[in-house]
Amino acid sequence: QVQLVESGGGLVQAGGSLRLSCAASGSIGSINAMGWYRQAPGKQRELAAVITSDGNTNYADSVRGRFTISRDNARNTVYLQMNSLKPEDTAVYYCNAEIRRRGSAMTYNYWGQGTQVTVSS
(Lines give C-alpha, C1' and ligand atoms only; values in the text may rest on other atoms or scores of the structure.)
Protein backbone atom coordinates (compact mmCIF):
# COMPACT_ATOMS: atom_id res chain seq x y z
CA GLN A 1 0.00 0.00 0.00
CA VAL A 2 1.12 3.53 -0.81
CA GLN A 3 -0.54 6.66 0.52
CA LEU A 4 -0.15 10.37 -0.11
CA VAL A 5 -1.33 12.59 2.72
CA GLU A 6 -1.64 16.34 2.21
CA SER A 7 -1.79 19.10 4.79
CA GLY A 8 -1.62 22.87 4.98
CA GLY A 9 -4.68 24.12 3.16
CA GLY A 10 -7.01 26.72 4.59
CA LEU A 11 -8.51 30.17 4.25
CA VAL A 12 -6.28 33.17 3.58
CA GLN A 13 -6.76 36.73 2.41
CA ALA A 14 -5.56 37.87 -0.99
CA GLY A 15 -1.86 38.64 -0.87
CA GLY A 16 -1.25 36.08 1.85
CA SER A 17 0.74 32.86 1.87
CA LEU A 18 0.18 29.19 2.53
CA ARG A 19 2.45 26.16 2.50
CA LEU A 20 1.16 22.78 1.44
CA SER A 21 2.87 19.51 2.35
CA CYS A 22 2.38 16.02 0.96
CA ALA A 23 4.03 12.97 2.48
CA ALA A 24 4.20 9.61 0.73
CA SER A 25 4.25 6.49 2.87
CA GLY A 26 4.04 2.74 2.50
CA SER A 27 5.99 0.22 0.49
CA ILE A 28 8.00 2.69 -1.60
CA GLY A 29 10.92 1.67 -3.76
CA SER A 30 11.51 5.01 -5.45
CA ILE A 31 9.67 8.20 -6.37
CA ASN A 32 10.08 9.94 -9.71
CA ALA A 33 8.24 13.20 -10.33
CA MET A 34 6.04 14.76 -7.66
CA GLY A 35 3.57 17.49 -8.35
CA TRP A 36 0.66 19.61 -7.29
CA TYR A 37 -2.54 19.86 -9.29
CA ARG A 38 -5.56 22.00 -8.55
CA GLN A 39 -9.23 21.94 -9.43
CA ALA A 40 -11.47 24.96 -9.06
CA PRO A 41 -15.27 24.59 -8.97
CA GLY A 42 -16.65 23.87 -12.42
CA LYS A 43 -13.19 23.56 -13.97
CA GLN A 44 -10.90 20.74 -14.98
CA ARG A 45 -7.99 19.67 -12.84
CA GLU A 46 -4.81 21.43 -13.93
CA LEU A 47 -1.12 21.16 -13.17
CA ALA A 48 0.21 23.87 -10.87
CA ALA A 49 3.80 22.72 -10.38
CA VAL A 50 5.97 19.63 -10.76
CA ILE A 51 9.43 18.62 -9.56
CA THR A 52 11.55 15.72 -10.79
CA SER A 53 13.60 13.41 -8.60
CA ASP A 54 16.73 15.44 -9.33
CA GLY A 55 15.07 18.77 -8.57
CA ASN A 56 14.06 20.16 -11.94
CA THR A 57 10.85 22.18 -11.69
CA ASN A 58 8.10 23.39 -13.96
CA TYR A 59 5.20 25.72 -13.24
CA ALA A 60 1.92 26.74 -14.78
CA ASP A 61 2.14 30.26 -16.18
CA SER A 62 -0.57 31.36 -13.75
CA VAL A 63 1.56 30.53 -10.68
CA ARG A 64 5.11 31.05 -11.91
CA GLY A 65 6.94 33.58 -9.75
CA ARG A 66 4.46 33.21 -6.86
CA PHE A 67 4.58 29.48 -6.07
CA THR A 68 7.65 27.40 -5.27
CA ILE A 69 7.70 23.60 -5.31
CA SER A 70 10.36 21.68 -3.40
CA ARG A 71 10.89 18.18 -2.07
CA ASP A 72 12.68 16.32 0.68
CA ASN A 73 13.66 12.95 -0.78
CA ALA A 74 14.71 11.56 2.59
CA ARG A 75 11.18 12.19 3.91
CA ASN A 76 9.34 11.35 0.65
CA THR A 77 7.66 14.74 0.97
CA VAL A 78 6.83 17.48 -1.50
CA TYR A 79 5.96 21.06 -0.58
CA LEU A 80 4.23 23.94 -2.31
CA GLN A 81 4.96 27.41 -0.98
CA MET A 82 2.26 29.74 -2.24
CA ASN A 83 2.84 33.49 -1.95
CA SER A 84 0.90 36.51 -3.19
CA LEU A 85 -2.24 34.42 -3.32
CA LYS A 86 -5.14 35.58 -5.45
CA PRO A 87 -8.85 34.71 -5.28
CA GLU A 88 -8.42 32.80 -8.55
CA ASP A 89 -6.04 30.42 -6.75
CA THR A 90 -9.03 29.09 -4.82
CA ALA A 91 -9.27 25.36 -5.53
CA VAL A 92 -8.80 21.90 -4.14
CA TYR A 93 -5.10 21.11 -4.39
CA TYR A 94 -4.06 17.52 -5.05
CA CYS A 95 -0.66 15.97 -4.60
CA ASN A 96 0.54 13.52 -7.26
CA ALA A 97 3.55 11.21 -7.33
CA GLU A 98 5.00 8.64 -9.71
CA ILE A 99 5.99 5.81 -7.40
CA ARG A 100 7.65 2.47 -7.91
CA ARG A 101 6.61 0.12 -5.14
CA ARG A 102 9.27 -1.87 -3.38
CA GLY A 103 9.96 -5.14 -5.25
CA SER A 104 8.16 -3.98 -8.39
CA ALA A 105 9.50 -2.77 -11.73
CA MET A 106 6.30 -0.85 -12.49
CA THR A 107 5.67 2.84 -11.76
CA TYR A 108 2.18 4.07 -10.94
CA ASN A 109 0.57 7.45 -10.39
CA TYR A 110 -0.76 8.07 -6.92
CA TRP A 111 -3.00 10.90 -5.73
CA GLY A 112 -3.64 12.48 -2.38
CA GLN A 113 -7.13 13.14 -1.07
CA GLY A 114 -6.96 16.88 -1.78
CA THR A 115 -6.79 19.93 0.45
CA GLN A 116 -8.96 23.02 0.09
CA VAL A 117 -7.31 26.40 -0.45
CA THR A 118 -9.62 29.40 -0.30
CA VAL A 119 -8.39 32.92 -1.00
CA SER A 120 -10.74 35.73 -0.03
CA SER A 121 -10.68 39.14 -1.73
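The values are calculated or read from the model by the stated rules, or taken from the named source; none is laboratory data. Being a predicted model, the structure only gives us computed values, none of them experimental. Don't worry about glycine lacking a Cβ; one is built from the backbone with ideal geometry, like all the others, and counts go over all protein chains shown. These area figures cover heavy atoms from the full protein model, side chains too; ligands, DNA and RNA do not enter into them. Shrake-Rupley method; radii C 1.70, N 1.55, O 1.52, S 1.80 Å.
If you filter the stretch 29-47 down to residues that are among the aliphatic types (A, V, I, L, M), more than 13 Å from S70 (Cα to Cα) and in a strand (DSSP E or B), you find that the one that is most open to solvent (accessible area, probe 1.4 Å) is L47. Would you check if there is a residue in the stretch 87-95 being closer than 12 Å to R19 by Cβ and not hydroxyl-bearing (S, T, Y)? There is no residue in the stretch 87-95 that is closer than 12 Å to R19 by Cβ and not hydroxyl-bearing (S, T, Y). Is it fair to say Y108 is aromatic (F, W, Y) and surrounded by 14 or more Cβ atoms within 10 Å (Cβ to Cβ)? In short, no.
The number of residues in the stretch 1-48 that are among the small types (G, A, S) and within 22 Å of S120 (Cα to Cα) comes to 12. Filtered by the rule that a residue be more than 26 Å from G15 (Cβ to Cβ) and part of a loop (DSSP other than H, G, I, E, B), the stretch 70-121 gives N76, R102, G103, S104, A105, M106, G112, Q113.
Within the set of pairs 6 or more residues apart or between chains, which connect a residue that is in a strand (DSSP E or B) inside the stretch 4-28 to a residue that is of a type in the set (D, E, K, R) with Cβ atoms less than 6 Å apart? Sorted first by the residue in the stretch 4-28, then by its partner, the pairs are C22/E6. With respect to the conditions (1) touching a residue at least 24 places away in the same chain (Cβ under 8 Å); (2) open to solvent by 70 Å² or more (accessible area, probe 1.4 Å); (3) on the phi > 0 side of the Ramachandran plot; (4) not aliphatic (A, V, I, L, M), S84 falls short on a single one, namely (2). V119 falls short on exactly one of the conditions (1) out of contact with any helix residue (DSSP H, G or I) (no Cβ under 7 Å at 6 or more places or on another chain); (2) surrounded by 14 or more Cβ atoms within 10 Å (Cβ to Cβ), and that condition is (1).
Considering R101, R75, R71, the condition of being surrounded by 20 or more Cβ atoms within 10 Å (Cβ to Cβ) and not hydrophobic (A, V, I, L, M, F, W, C) is satisfied by R71 alone.
Against the numbered list (1) modelled with pLDDT under 95; (2) over 16 Å from N32 (Cβ atoms); (3) not β-branched (V, I, T), S104 comes up short only at (2).
Among the residues making up the stretch 53-66, those that are exposed (fewer than 15 other Cβ atoms within 10 Å of the Cβ) and part of a loop (DSSP other than H, G, I, E, B) are S53, D54, G55, N56, D61, S62, G65.
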